[in-house]
């Protein structure tokens with residue numbers, strides 16, 4: 001009885017495993033949050049051409065490096081999922097470790113970027129563009145932090161050969177975090 005799985009992980013009225021369905025429901029709510037934020041940003045941006053001047057102070061090359069970092073971390077998450085599907089928990093855990101390293105790299109780069117911007121007076125209260133910028137990028141960074149923490153828990157279990165199906169679940173979440181960045185990068189950095 002000690003190794004029995006909770007009934008909720010075994011049931012599936014929809015034909016979709018419960019954990020996967022739960023992750024997709026969470027992501028649906030996240031789409032509403034980010035969709036509302038980005039939709040509002042786009043409408044304000046279209047109505048305020050002066051935002052182009054404020055946006056010209058974002059550092060596109062830093063955003064591009066962070067895009068590369070996140071896409072690379074998504075690749076290692078895919079490889080971790082493949083290893084988990086083959087039953088190789090230790091390999092999956094190692095690859096999740098690389099994904100976590102990508103998350104931490106993203107956050108360190110973002111910290112230096114924000115410190116530089118703030119030192120030049122581009123703060124959340126500087127104008128409405130910077131308010132949207134820090135809100136959107138900050139909300140995304142919180143999702144990166146949450147993903148890295150959850151990934152760490154999943155990696156520990158995977159290393160022990162337990163709950164390997166969770167590698168796929170955190171991977172789905174991580175890909176969502178990357179997709180959000182794919183929208184943020186052009187909106188905040190490229191569209192000037």
Restricting attention to region 45-68, report how many residues are part of a helix (DSSP H, G or I), out of contact with any helix residue (DSSP H, G or I) (no Cβ under 8 Å at 6 or more places or on another chain) and in contact (Cβ under 8 Å) with a residue 12 or more places away in the chain.
1
Counted residues in region 156-192 being buried (at least 19 other Cβ atoms within 10 Å of the Cβ) and farther than 27 Å from residue 113 by Cβ come to 6
From (1) more than 21 Å from residue 182 (Cβ to Cβ); (2) within 22 Å of the chain's Cα centre (by Cα), pick out the condition that doesn't hold for residue 126.
(2)
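Could you please let me know if residue 105 is part of a helix (DSSP H, G or I) and buried (at least 20 other Cβ atoms within 10 Å of the Cβ)?
Numbers: part of a helix (DSSP H, G or I): yes; buried (at least 20 other Cβ atoms within 10 Å of the Cβ): no.
No, not satisfied.
Can you tell me which residue is surrounded by the fewest Cβ atoms within 10 Å (Cβ to Cβ) among those in region 11-30 that are within 25 Å of residue 107 (Cβ to Cβ) and touching a residue at least 24 places away in the same chain (Cβ under 8 Å)?
Restricting attention to region 11-30, the residues satisfying the condition of being within 25 Å of residue 107 (Cβ to Cβ) are 23, 26-27, 29-30.
Next, from what is left, pick out any that are touching a residue at least 24 places away in the same chain (Cβ under 8 Å): 23, 26-27, 30.
Details: 23: 19, 26: 14, 27: 17, 30: 16.
Of everything passing the filter in region 11-30, 26 is surrounded by the fewest Cβ atoms within 10 Å (Cβ to Cβ).
Assess whether residue 87 counts as being closer than 30 Å to residue 151 by Cα, outside any helix (DSSP H, G or I) and either at pLDDT 95 or above or over 16 Å from the mean Cα position of the chain (by Cα) (or both). Explain how you work it out, then say what you get.
Values: closer than 30 Å to residue 151 by Cα: yes; outside any helix (DSSP H, G or I): yes; either at pLDDT 95 or above or over 16 Å from the mean Cα position of the chain (by Cα) (or both): yes.
For residue 87, the condition - closer than 30 Å to residue 151 by Cα, outside any helix (DSSP H, G or I) and either at pLDDT 95 or above or over 16 Å from the mean Cα position of the chain (by Cα) (or both) - is met.
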Go over the candidates 99, 128, 123, 72 one by one and state the one that is surrounded by 14 or more Cβ atoms within 10 Å (Cβ to Cβ) and modelled with pLDDT under 95.
128
Identity of the residue in region 134-155, farther than 21 Å from residue 60 by Cβ and under 11 Å from the mean Cα position of the chain (by Cα), that ends up surrounded by the fewest Cβ atoms within 10 Å (Cβ to Cβ):
142
Mind counting the residues in region 114-156 that are part of a helix (DSSP H, G or I) and over 15 Å from residue 100 (Cα atoms)?
19
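The values are calculated or read from the model by the stated rules, or taken from the named source; none is laboratory data. None of these values were measured; they are calculated from a predicted model. Note: ideal-geometry Cβ built from the backbone for every residue, glycine included; neighbour counts use all protein chains shown.
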